[in-house]
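Note sheet for the following structure.
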Amino acid sequence: MAALLLALAVVSTGLYAGFMLIFQTGVMPALARLSDEEFVRAMRRINEYVPRPVFLLVFLGVLVFPAAALFVAVDGRTDTQKWLVLAGLVCAVANHLVTVAGNVPLNTALAASETGGEPAGEVRAAFERRWNGFHRIRTLLVLGSFGLLTASAVVTG
């Protein structure tokens, strides 16, 4: 059971890290080339569409599976493996805190601006740089989590 939980932790974290990295390296640079109106409209639609069941399952799995893997008793698990899983879980929790405290409020404000009549340039200026800053942090955190969890699965001592 512990090996399955660790495998699920690595897979869910890897999927989420990949999603974050693609957003960082592909989606946001592409959106940056849009006009203010196009950028704001696109980000609103993305923020409406992304939090669907499959995404939410992966988003929660990034926390649940490493925590479960950490707390399931395992004969023969080394202290190094335990600390790697714990460090991976800490990075995942930090990632989620950045998301909830940084990116989500910006997404909420972006959605609310749709009915406020603010010019798209002002909406974008209040959103893009800050959102990208938080996103860089959370991408690095989840990549770190993935690396640590992967290391815990392959380290022997």
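Only the coordinates and a few stated rules stand behind these numbers; no lab work does. Quantities reported herein were computed from a predicted structural model and do not represent experimental measurements. Cβ coordinates were reconstructed from backbone atoms using ideal geometry, including for glycine residues, and neighbour counts include every protein chain displayed.
For Phe71 and Leu34, the FRET efficiency from 1/(1 + (r/R0)^6), where r spans their Cβ atoms and R0 equals 41 Å, is about 0.35. Specify which residue in the list Ile46, Val100, Val90 is farthest towards the positive end of the charge dipole of the chain, using unit charges on the beta carbon of Lys, Arg (+1) and Asp, Glu (-1), about the Cα centre. Of Ile46, Val100, Val90, it is Val90.
Counted as membrane-span-like here are DSSP H helices of the chain whose alpha-carbon atoms extend 15 Å or more along the helix's own axis and whose Kyte-Doolittle mean is -1.0 or above; these are 2-22, 53-71, 79-98, 120-154.
Taking 0.36 nm per residue of separation and subtracting the Cα-Cα distance, full extension of the segment from Val93 to Arg130 would add 11.3 nm. For the pair Arg52 and Val154, label points projected 7 Å from Cα toward Cβ lie 3.2 nm apart. Where [x] 11, 37, 27, 16, 8, 2, 0; [y] 10, 39, 37, 12, 1; [z] 12, 44, 34, 10, 1, 0 are the candidate values, the label of the one calculated here for P(r) over Cα pairs in 10 Å bins from 0, in percent is [x]. If the chain linking Val100 and Arg44 were pulled fully straight, counting 0.36 nm for each residue of separation and taking away their Cα-Cα distance, it would gain 18.5 nm. Full extension of the chain between Leu8 and Ala111 gives 33.7 nm of extra length, using 0.36 nm per residue less the Cα-Cα distance.
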